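**Q** My questions will all concern the structure given below.
Nothing in this text is a laboratory measurement; each read-out follows from the coordinates by a stated rule. As the structure is a computational prediction, the values presented were derived from the model and not from experiment. As a convention, Cβ positions derive from the backbone with ideal geometry for all residues, glycine included, and neighbour counts pool all protein chains shown.
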Amino acid sequence: MRFVPTKTADQQACLTLHRTRHLFIRQQTAVINATRAHLAEFGIVARVGRGGMDELLEVIADPDDERVPEIARESLAALGDQLQRLRLQILEFDRRINAWHRSNEMSRRLDELPGVGPALATALVASVPDAKVFRSGRDFSAWIGLVPKQNSSGGKEKLGNITKQGDRYLRSLFTAGALAVIRMVKIRGAKHRPWLGRLLERRSTKVAAIALANKLARMAWAMMAKGERYREPIALAR
């Protein structure tokens, strides 16, 4: 049985920042999807991404665009106003998280790990009061839900998909960080991370991202539990 250490008030405050920001992001996604769906009913669509959404907001704000009936325009304008407020709130919470990150030594140390930015670093420090309660990096990765399920019998080891158990928020941040590292590998070439380059040759980007996220989680545990700083692999240090 693993007992969870009590979090400090400062850690709980940081988690409140993260959870509120995450809620605003979900609300932002819902507003964007609703706006796109309503405009699609009038035959108005735009490219994926923020640029496309900004184009749709311009259509909504243009009273001379006769493709959108006035009654629908009023409703869509309300959604547009809500979207702008959510964007500003998310930016404000990003600023507060970055301020907390700069004030915490362990968070700044974790930020040195590739794929770990202020958001993930602060979430880790706030969520894990004492990393030593985990016996190993694998136990920590399993707690997050990044290790594969094992279906072994008769001496044959079979590994399935990741368990997806544990902290969903941390798992999503680790995966996003891993995808960012993979993007850089594809831009700069596999020579920077040979093992990842070989993995990408054999497996899909998503599978490689989960494998890298698992590796990053184990490295983050070692840094927190042993008080170590990030050391570049020899292949990178040359």
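**Q** For each pair in 7/132; 186/206; 132/226, compute the distance between the two Cα atoms and list the pairs where it is over 19 Å.
**A** The answer is none of them.
**Q** Between helix 118-127 and the chain, what is the angle of the helix's C-alpha long axis to the longest principal axis, kept within 0 to 90° and rounded to the nearest 10?
**A** Result, in degrees: 60.
**Q** Separate question: Taking +1 at the Cβ of each Lys and Arg and -1 at the Cβ of each Asp and Glu, which of 79, 220, 24 sits farthest along the dipole of the chain towards its positive end, judged by Cα position relative to the Cα centre?
**A** 220
**Q** Moving on. Can you tell me the order of 219-232, 40-53 when each peptide is scored by its average per-residue count of other Cβ atoms within 10 angstrom, highest first?
**A** By packing density, highest mean first, the sequence is 219-232, 40-53.
**Q** Oh, and also: On C-alpha positions alone, give me the angle between the axis of helix 205-226 and the longest principal axis of the chain, in degrees, nearest 10.
**A** 60 degrees
**Q** Note the listed values (1) 67, 45, 43; (2) 49, 39, 33; (3) 70, 49, 23, then indicate which one is Cα extents along the principal axes in Å calculated from this particular structure.
**A** Correct label, based on the coordinates given: (1).
**Q** Still on this structure: If you fit an axis through the alpha-carbon atoms of helix 70-103 and take the longest principal axis of the Cα set of the chain, what angle between them do you get, 0 to 90°, nearest 10?
**A** 30 degrees
**Q** Continuing with this model, one more query. Can you tell me the relative contact order of the chain? Whole percent, Cα pairs under 8 Å, sequence separation 6 or more.
**A** 20 percent
**Q** Counting Lys and Arg as +1 and Asp and Glu as -1, what is the net charge of the other residues whose Cβ lies under 14 Å from the Cβ of residue 17?
**A** Details: positive: 7, 19, 21, 95, 96, 102; negative: 10, 92, 94.
Here the charged neighbours net out to +3.
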